[in-house]
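Reviewing the structure listed below.
The values are calculated or read from the model by the stated rules, or taken from the named source; none is laboratory data. Quick caveat: nothing in here was measured; it's all calculated off a predicted structure. Cβ placement follows ideal geometry from the backbone for every residue including glycine, while neighbour counts extend to all protein chains displayed.
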Amino acid sequence: MNTALIQVEVVIPTQTKYLDLIGSIGERVAHELDGYTGDREALAYQLNLVLTEATANAIKHAHDDDPKNSVRISIQLQENALIIKVYDHGQGFDLAKVPLPDFEHPKESGMGLFLIRSMMDSVTYTRLDDCNVLEIIKYLE
Amino acid sequence: MNLNLEKINGFSVLNILDERIDAHNSGDLKTYLLQLIESGEKNLIIQLQQVRFIDSSGLGALLSGNKHIIAKSGKLALTNIQQQVLSMFELTRLNRVFDIYADLNEAFTDET
């Protein structure tokens, strides 16, 4: 098991005004990566985007009527991979049933998961005892 | 959302002054565009020079504006898109849906 070089854990209320904060953390992490040889600006944008989309999804699917609702986000940097986990307390969904966008007849919504999958290497969504977790992995080699 | 609308050469030019369009402010943008189009706007250019980040909901708001203006026989063009933001249009193939120009002059020349 790889140990984390950096681990950031953030818990936010289910409000979209915090998306900027979460996305910015992703950008900063990209700029902190030692020895990353790829396009760092592109990676910074991707991490910002993926965190923004995943957190926005979790906020959208949360139970609006619960004032104690929150979204927990974990960003873990390992030797050769970046692992993002977003925990939500909503009803959950089946990742396998999320369709690809219809590029010929684009719709206003439904592009978020497509973008996450396009930019990252692995995406899973798992039901845990008391919450769901969207796990996103980006390999850095 | 910080927006500024001006008339140039008979076009309405909407400058988006926020650096970031995400699920927090894209609803405002969508509503604003719909009101503008409902009020009869037919030649709209949106300047994205200040925008360094857009998410899927932001793309959705622009797409909504584009659909509505086309339904009213109008045109919507986008200009001055930053590279990373442009890559979002390319990834979602929305660069084939929108009229995208490098700058205002190019948009004026082509759209008239």
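List the strands (runs of 3 or more DSSP E) that sit entirely inside region A:1-94 and contain at least 3 residues that are closer than 24 Å to B:LEU59 by Cβ, at pLDDT 90 or above and not hydrophobic (A, V, I, L, M, F, W, C).
On the way: elements: A:6-13, A:70-77, A:81-88.
It comes to none.
Considering region A:115-127 alone, what residues qualify as being in contact (Cβ under 8 Å) with a residue 12 or more places away in the chain and of a type outside the set (S, T, N, Q)? Break it down into steps so the answer makes sense when it comes.
Here is the first cut: in region A:115-127, the ones in contact (Cβ under 8 Å) with a residue 12 or more places away in the chain are A:115-116, A:119-125, A:127.
The answer is A:LEU115, A:ILE116, A:MET119, A:MET120, A:ASP121, A:VAL123, A:TYR125, A:ARG127.
Filter region A:3-16 down to the residues that are touching a residue at least 60 places away in the same chain (Cβ under 8 Å) and within 15 Å of the chain's Cα centre (by Cα), then identify the one that is nearest to the other protein chains (Cβ to nearest Cβ). Walk me through it before giving the result.
Our first condition is that a residue be touching a residue at least 60 places away in the same chain (Cβ under 8 Å); within region A:3-16, this holds for A:3-12.
Remaining after also requiring within 15 Å of the chain's Cα centre (by Cα): A:7-12.
Working: A:GLN7: 24, A:VAL8: 19, A:GLU9: 22, A:VAL10: 16, A:VAL11: 18, A:ILE12: 12 Å.
Residue satisfying both the conditions and the ranking: A:ILE12.
Do we find a residue being of a type in the set (Phe, Trp, Tyr) and within 14 Å of chain A (Cβ to nearest Cβ) anywhere in region B:26-44? Give the steps one after another, and end with the answer.
Step one: list which residues in region B:26-44 are of a type in the set (Phe, Trp, Tyr), which gives B:32.
Retained after the next criterion (residues that are within 14 Å of chain A (Cβ to nearest Cβ)): none.
No, region B:26-44 contains no residue that is of a type in the set (Phe, Trp, Tyr) and within 14 Å of chain A (Cβ to nearest Cβ).
Are any residues in region A:22-34 at the interface with another protein chain (Cβ under 10 Å from one of its Cβ atoms) and either within 12 Å of A:LEU82 (Cβ to Cβ) or polar (S, T, N, Q) (or both), and if so, which ones?
A:SER24
What residue, among those in region B:1-37 that are in a strand (DSSP E or B) and charged (D, E, K, R), is surrounded by the most Cβ atoms within 10 Å (Cβ to Cβ)? Before you say what the answer is, go through the steps one by one.
Step one: filter region B:1-37 for residues in a strand (DSSP E or B), giving B:3-8, B:11-16, B:20-21.
Applying the additional criterion that residues be charged (D, E, K, R) yields B:6-7, B:20.
On the way: B:GLU6: 10, B:LYS7: 9, B:ARG20: 20.
The residue in question is B:ARG20.
Can you find, within region A:109-141, the residue that is nearest to the chain's Cα centre (by Cα) among those that are within 14 Å of chain B (Cβ to nearest Cβ) and surrounded by fewer than 18 Cβ atoms within 10 Å (Cβ to Cβ)? Working first, answer last.
Let us first name the residues in region A:109-141 that are within 14 Å of chain B (Cβ to nearest Cβ), namely A:109-120.
So of that shortlist, the ones also surrounded by fewer than 18 Cβ atoms within 10 Å (Cβ to Cβ) come out as A:109-110, A:117-118.
Values: A:SER109: 17, A:GLY110: 15, A:ARG117: 10, A:SER118: 13 Å.
Here the residue is A:ARG117.
What pairs come up if the first residue lies in region A:84-109 and is in contact (Cβ under 8 Å) with a residue 40 or more places away in the chain and under 30 Å from A:LEU5 (Cβ atoms), the second is hydroxyl-bearing (Ser, Thr, Tyr) and buried (at least 18 other Cβ atoms within 10 Å of the Cβ), and their beta carbons are under 7 Å apart, counting only those six or more places apart or on different chains?
Cβ pairs passing all conditions: A:VAL86/A:THR55.
Return yes when A:THR37 is away from chain B (no Cβ under 14 Å), without any contact (Cβ under 8 Å) to a residue 12 or more places away in the chain and hydroxyl-bearing (Ser, Thr, Tyr) and no when it is not.
Values: away from chain B (no Cβ under 14 Å): yes; without any contact (Cβ under 8 Å) to a residue 12 or more places away in the chain: yes; hydroxyl-bearing (Ser, Thr, Tyr): yes.
Considered against the rule, which asks whether it is away from chain B (no Cβ under 14 Å), without any contact (Cβ under 8 Å) to a residue 12 or more places away in the chain and hydroxyl-bearing (Ser, Thr, Tyr), A:THR37 comes out as yes.
Go over the candidates A:LEU82, A:LEU51, A:LEU19 one by one and state the one that is within 12 Å of the chain's Cα centre (by Cα) and more than 14 Å from every other protein chain (Cβ to nearest Cβ). Break it down into steps so the answer makes sense when it comes.
Details: A:LEU51 fails: more than 14 Å from every other protein chain (Cβ to nearest Cβ); A:LEU19 fails: more than 14 Å from every other protein chain (Cβ to nearest Cβ).
Only one candidate qualifies: A:LEU82.
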